[in-house]
1. Report the full-extension gain for the segment residue 219 to residue 66: residue separation times 0.36 nm, less the Cα-Cα distance, to one decimal in nm.
2. Grab the beta carbon distance between residue 170 and residue 4, set R0 = 41 Å, and tell me the FRET efficiency rounded to 0.05.
3. Where the centroid of each part is defined by its Cα atoms, how far is region 344-394 from region 299-315 in Å?
4. Could you tell me the center-to-center distance, by alpha carbons, between region 153-178 and region 24-92 in angstrom?
5. Principal axis extents for region 111-225, Cα atoms only, whole Å, descending order, please.
6. Heavy-atom accessible area per residue, region 47-183, 1.4 Å probe: how many Å²?
7. As an exercise, use a Förster radius of 35 Å and the Cβ-Cβ distance of residue 99 and residue 57 to find the FRET efficiency, rounded to the nearest 0.05.
8. At 1.4 Å probe size, with every protein chain present, just tell me what the per residue accessible area of region 318-395 comes to in Å².
Amino acid sequence: MIVDIERVVVVGAGLAGLRTIEELRARGYPGEITLIGAEERPPYDRPPLSKRVMTGELDDTSLRADFGALKVDFRAGERATGLEPGGALRTERGEYPFDRLVLATGAAPVTLPGTGRQRVLRSLDDALELRGLLRPGLKLVVAGAGWIGAELATAAAALGAAVTVLDAAATPLAAAVGTEVGARTAGWYAAAGVDLLLGHAVESVQPGGLALAGGGWLAADVVVTAVGVRPAVGWLAGSGIRLEAGVAADEGLRASVPGVYAVGDCASFVSGRYGRRLRFEHWDVALHAPEVAAANLLGGSETYDPVPYFWSQQFGRMLQYVGYHGAADQLIWRGDPADEGWAACWLAAGAMVALLTVDRPRDLLQGRRVIASASPVDVARLTDPGVPVKDAVVS
Ligand SMILES: Cc1cc2nc3c(=O)[nH]c(=O)nc-3n(C[C@H](O)[C@H](O)[C@H](O)COP(=O)(O)OP(=O)(O)OC[C@H]3O[C@@H](n4cnc5c(N)ncnc54)[C@H](O)[C@@H]3O)c2cc1C
């Protein structure tokens with residue numbers, strides 16, 4: 001069904017914004033589309049920025065959007081600043097009336113206190129600038145042993161930089177997968193020649209280095225802050241759109257104001273599967289959520305309730321995470337850290353709810369289906385890396 005609308009405005013020219021437009025056209029929407037993007041560039045992919053762009057294998061991660069064929073009025077280098085009553089988007093340069101509005105403004109890195117130069121790794125420009133600084137012997141300190149910190153450390157160490165990764169938590173990846181699982185990745189740093197300093201919070205970044213909480217100083221030529229991101233929704237304050245962990249959308253990605261939708265890193269949505277409001281910073285969510293937003297914008301009634309998927313390449317390994325372990329009550333190991341690959345499986349009430357695999361892509365593929373089925377699993381079979389994950393399901 002295509003409702004009677006003529007003007008769609010999409011804010012944010014990242015993957016989620018572009019995919020929304022592609023989906024609208026694929027579903028036969030014939031009207032105007034305006035895309036407002038704060039960056040000067042057309043949409044590009046971010047996952048390679050901390051991987052193949054950083055190692056120098058890739059300079060351009062463009063998503064090759066054909067705005068001519070898609071009949072899109074693309075306004076690059078223009079930032080949205082708010083909403084006008086009555087249905088118009090306000091930007092630095094003007095106003096754009098809309099029948100439907102899609103919010104796809106992504107997320108922005110959190111920074112630390114202090115007057116010293118902090119670099120972040122979010123945009124292609126950030127990545128190209130940082131790459132230009134990497135050289136043998138450069139004292140690089142990465143604040144944050146999360147996904148991006150680990151990937152950046154991998155690339156920088158391979159290029160000969162003297163890398164220290166610092167985190168306030170007791171293990172790497174603590175916020176993402178918990179300390180028990182994160183601890184299994186700690187040894188990878190030393191093996192790659194990277195110093196890992198855990199349990200140390202940064203008090204401030206100063207010229208020449210970092211002041212650590214409780215005293216202590218870490219000298220650095222370059223500091224990269226990789227302590228997480230926040231949804232880029234500050235510009236919506238006072239707009240009447242409800243914000244809760246990002247733009248608060250419902251199970252169909254509708255924001256609280258009729259005619260407004262939210263997708264990608266900036267959107268939190270109500271998940272029936274997990275019984276809570278969730279927001280993900282996953283490429284796969286930015287890829288697929290727009291299918292549902294576009295369908296509903298055109299009058300449909302679809303639900304977005306994925307088994308979320310994320311990957312990371314670090315220290316020569318492929319990590320893949322599927323599901324959500326927020327309500328898990330049991331952690332099962334599959335394989336030993338000394339093995340080539342291993343996996344961590346989270347269960348809740350006897351069913352698998354999340355899975356992290358290290359160099360075990362087949363486990364991941366099967367695990368995704370097992371999680372989606374919500375079937376009970378046999379722990380002894382799941383623990384045995386010789387038994388396919390799908391055969392751990394109790395039938
Ligand atoms: C270095 C890096 C590595 C990553 N690696 C992985 C990975 O390995 N696996 C994985 O699953 N995910 C990864 N991700 C996450 C993934 O890239 C994001 O989930 C995805 O890019 C989200 O897409 P998005 O379109 O929602 O947001 P974004 O890509 O952030 O796009 C939003 C766009 O909106 C613009 N914008 C913001 N505010 C405004 C405004 N007020 N007006 C106009 N425009 C605005 C921004 O400038 C940006 O261009 C990585 C991210 C980064 C940064």
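The values are calculated or read from the model by the stated rules, or taken from the named source; none is laboratory data. Only a predicted model underlies this, so the values are computations on that prediction, with no experimental measurement involved. Counting neighbours? That spans all protein chains shown, and the Cβs are built from the backbone with ideal geometry, glycine included. These area figures cover heavy atoms from the full protein model, side chains too; ligands, DNA and RNA do not enter into them. Shrake-Rupley method; radii C 1.70, N 1.55, O 1.52, S 1.80 Å.
1. That pair, residue 219 and residue 66, stretches by 50.5 nm at full extension.
2. On the way: r = 57 Å, r/R0 = 1.38.
For residue 170 and residue 4, the calculated efficiency is 0.10.
3. Between the Cα centre of region 344-394 and that of region 299-315, the gap is 18 Å.
4. If you average the Cα positions of each part, the centres end up 31 Å apart.
5. Between the extreme Cα coordinates on each principal axis of region 111-225 lie 35, 31, 25 Å.
6. Solvent-accessible surface per residue comes out at 43 Å².
7. 0.20
8. Normalised by residue count, the accessible surface of region 318-395 is 44 Å².
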